[in-house]
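Just so it is clear, none of the values below were taken in a lab; they were calculated from the coordinates. In this text, all values refer to a predicted model and were calculated from it rather than measured experimentally. With ideal geometry, Cβ positions are generated from the backbone for all residues, glycine too; neighbour counts draw on all protein chains shown.
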Amino acid sequence: MKVWKYGDSINTDMLFPGKYCYTCSTIDEIKPHLLEDLDVNFAKEVQEGDIIFAGRNFGCGSSREQPVLGLKAFGIKAVVAESFARIFYRAAINQGLVLIESPEAVKAYTGSEEVSLDLEKGELIVGDKKFTFPPLPPEIKAIAEAGGLLEYTKKKLKKQ
Amino acid sequence: MPATFAEKVLAEKSKNDTVVPGQIVTVKPDHLLMHDNAAPITAKITKELDEYGVVNPELPIIVLDHVIPAASEKTAINHQKIREFVNKFQIKNFFDIGCGICHQVVVEKGLGLPGKIILGSDSHTCSYGAVGCFSTGIDRTEAAALLLTGETWLKVPQSIKMALKGKLNPPVSAKDLILHIIGDMRADGATYCSVEYHGAVDSLDVQERFTLANMGVEMGAKLSVFPVDDITKNYFNTIGVAQDSFEVFWADQDAKYMLEKEYDMSEVEPVVAFPHTVDNVKNIYEAKGIPVNQCLVGTCTNGRLSDLEAAAKLLKGKKVHPNTRLLVLPASKSIYEEAIEKGTIKTLVEAGAVILPPGCGPCLGAHQGALAPGEKCISTANRNFKGRMGCKDAEIYLASPATVAASALTGTISDPREVA
């Protein structure tokens with residue numbers, strides 16, 4: 001498991017350039033361009049179970065869900081950031097991508113600490129420090145448990 | 001209990017007596033905005049749409065504006081799929097290429113109204129706060145789910161009170177004011193919050209309020225909203241919206257705010273947001289003399305008539321400097337027509353401007369007016385992120401229409417007060 005560390009204000013253009021928004025629609029088209037203008041190695045080297053650490057305002061900018069779809073498809077276990085931009089946060093909920101808002105955990109990671117994450121327990125361990133994060137509100141947990149908003153919606157429609 | 005704008009609208013729409021920040025409520029938005037992304041949105045639910053249909057054909061508003069006219073076979077197919085969807089499900093509020101940028105169209109066509117909730121799969125959906133509408137951005141998946149169910153959850157936001165005083169000194173404009181505010185608040189200073197404008201708002205017309213509301217998301221805001229006053233009502237009269245077609249909400253005097261700020265508009269000077277973040281705002285003096293290869297006036301932030309006129313005023317009888325190029329995009333067809341009628345377009349073309357179709361154009365780097373490595377562009381758009389205009393090795397500076405026009409004349413970033 002690798003930790004990818006980035007700075008503040010990682011915006012949606014860095015995560016997925018706007019020029020591909022209307023030419024890349026399938027997940028296989030999206031993946032190679034993920035984080036292209038931020039870190040050319042990311043799409044080549046990322047592996048399932050990797051974690052991203054970042055600073056403030058991660059995902060700011062456009063309503064662009066390709067970054068969320070791409071990170072989820074690559075199997076990113078969680079994005080840990082000091083804070084997240086609103087639309088990105090909502091998009092992550094809707095795809096079941098785990099976001100952990102913890103400025104303390106981000107500060108604790110300097111590049112060499114061992115990192116482990118237990119989503120069941122709500123525990124993130126960075127070196128010798130343990131961080132806990134609160135459970136999701138029930139309305140949002142239901143979406144995550146269904147496997148994302150579309151699955152949640154489809155199930156709800158079937159029941160009606 | 002005293003309440004903010006956001007608390008009042010969400011209480012009313014979720015059928016609660018009162019709501020508090022942090023509370024999650026279920027609402028049925030009045031409209032769902034989509035643009036060229038309506039194709040990928042509807043593609044997510046092809047089977048369900050066949051089975052259940054669109055929950056309400058009046059709910060969606062679709063405006064083709066992001067890549068218009070189509071730039072390639074792929075984007076043409078995208079538009080084709082949207083037109084098929086519109087016909088199949090009898091979508092009433094459809095605006096094909098050439099009508100304008102979605103946010104301008106929503107307000108101009110009287111769809112963005114006070115007290116309505118509009119969710120849009122575009123981050124600048126917050127623009128309709130200019131006319132007292134509760135509007136904010138969502139992602140594509142949520143837009144797809146809304147087409148099927150017509151309802152979603154919203155968290156009641158904390159609110160920030162921006163008290164304005166004084167008056168702008170032209171050519172200092174609303175764009176300078178909002179860049180000044182974002183430079184102070186920073187790009188995440190209003191994250192998740194509802195930003196309310198109070199105080200001397202009566203010196204700002206609807207076009208100027210639009211510029212301010214539009215950029216709310218650049219400080220992280222969920223909403224960015226103005227009170228509905230005589231200026232708003234007069235605007236509705238000019239576009240033929242009946243006064244009884246909406247309900248006005250506004251904050252109580254003693255509502256609780258997370259933060260209160262005061263800005264004296266008379267002290268604002270021309271400013272420029274340097275690459276590569278919108279909050280990297282500096283006084284024009286620090287930018288003066290930077291050579292620019294491209295100048296852009298337009299977009300949902302500054303493509304209205306007063307913006308084109310501000311540029312034309314400086315360019316009248318003069319020529320764009322040979323070292324640069326000037327692109328102009330009217331934000332809508334009706335603005336375009338008015339600008340033709342008033343001679344504004346003629347002035348701009350005579351000065352050497354290239355007029356692009358009313359749409360998003362170069363703003364997001366998807367087509368038209370893309371930049372080459374090493375190039376610098378000064379633009380009236382709302383974002384200067386790295387790679388935004390198609391090239392990660394180019395630089396984008398954000399400024400007002402007057403500053404962009406002044407820079408087009410000299411080929412370097414210039415103070416409109418000195419060029420005029």
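Numbers at a glance
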| quantity | calculated |
| --- | --- |
| Across A:K72/A:K154; B:K13/B:K155; A:K159/B:K47, pairs whose alpha-carbon gap is larger than 18 Å | A:K72/A:K154 |
| Sum of -39500 (n - 2.57) over DSSP H runs of 4+, divided by residues of chain B (222 nm, nearest 500) | -9000 deg cm²/dmol |
| Cβ-placed point charges (K, R +1; D, E -1), dipole of the stretch B:271-418 about Cα centre in debye, nearest 20 | 100 debye |
| Rounded to 5, percent antiparallel among DSSP beta bridges of the protein assembly as shown | 25 percent |
| Alpha-carbon Debye profile of chain A, log10 I(q)/I(0) at 0.11 Å⁻¹ | -0.43 |
| Chain B: C-alpha gyration tensor shape, a/c 1.5 cut-off, then a/b vs b/c | oblate |
| MRE, 222 nm, helices only [DSSP H, n ≥ 4, -39500 (n - 2.57), over chain A, to nearest 500] | -8500 deg cm²/dmol |
| Backbone HN-Hα couplings from phi across the stretch B:382-394 [Karplus 6.51/-1.76/1.60, Hz, Gly and Pro as x] | 10, 9, 10, 4, 4, x, 4, 9, x, 9, 6, 9, 10 |
| Taking the stretch A:85-130 and dividing mean pair separation by its residue count, relative contact order in percent (alpha carbons under 8 Å, at least six apart) | 25 percent |
| Dipole of the stretch B:7-263 [Lys/Arg +1, Asp/Glu -1 at C-beta], most positive-end residue of B:H35, B:L10, B:F210 | B:H35 |
| Relative contact order computed over chain B (Cα-Cα under 8 Å; 6+ residues apart), in percent | 17 percent |
| Shape of the stretch B:127-188, Cα gyration tensor, a/c cut at 1.5 | prolate |
| 5 angstrom amide H check on B:K165, placed H, neighbours 5+ away | B:A200, B:Y263, B:D264, B:M265 |
| Assigned charges on the beta-carbon of Lys, Arg, Asp, Glu; the protein assembly as shown dipole about Cα centre (debye) | 800 debye |
| DSSP bridge pairs, chain A: antiparallel proportion in percent, nearest 5 | 40 percent |
| Inter-label distance, nm, simple model (7 Å from Cα along the C-beta direction), B:D50/A:K107 | 5.5 nm |
| Positive dipole terminus of the stretch B:7-263, leading residue within B:H103, B:H66, B:G166 (C-beta point charges) | B:H66 |
| For chain B, size of Cβ-based charge dipole, Lys and Arg +1, Asp and Glu -1, in debye | 920 debye |
| Options B:I345, B:G115, B:A255, ranked by Cα towards positive dipole end of the protein assembly as shown, top entry (Cβ charges) | B:I345 |
| Antiparallel DSSP beta bridges within chain B, percent to nearest 5 | 20 percent |
| Calculated from backbone phi, Karplus (6.51, -1.76, 1.60) coupling profile of the stretch B:399-404 in Hz, x at Gly/Pro | 7, 7, x, 5, 5, 5 |
| A:I27 versus B:R417: modelled label distance in nm, points set 7 Å from Cα along the beta carbon direction | 5.6 nm |
| Contact order relative to length of the stretch B:126-258, as percent, for alpha carbon pairs under 8 angstrom and 6 or more apart | 36 percent |
| Inter-part distance where the stretch A:62-121 and the stretch B:18-35 are each reduced to a Cα centre, Å | 24 Å |
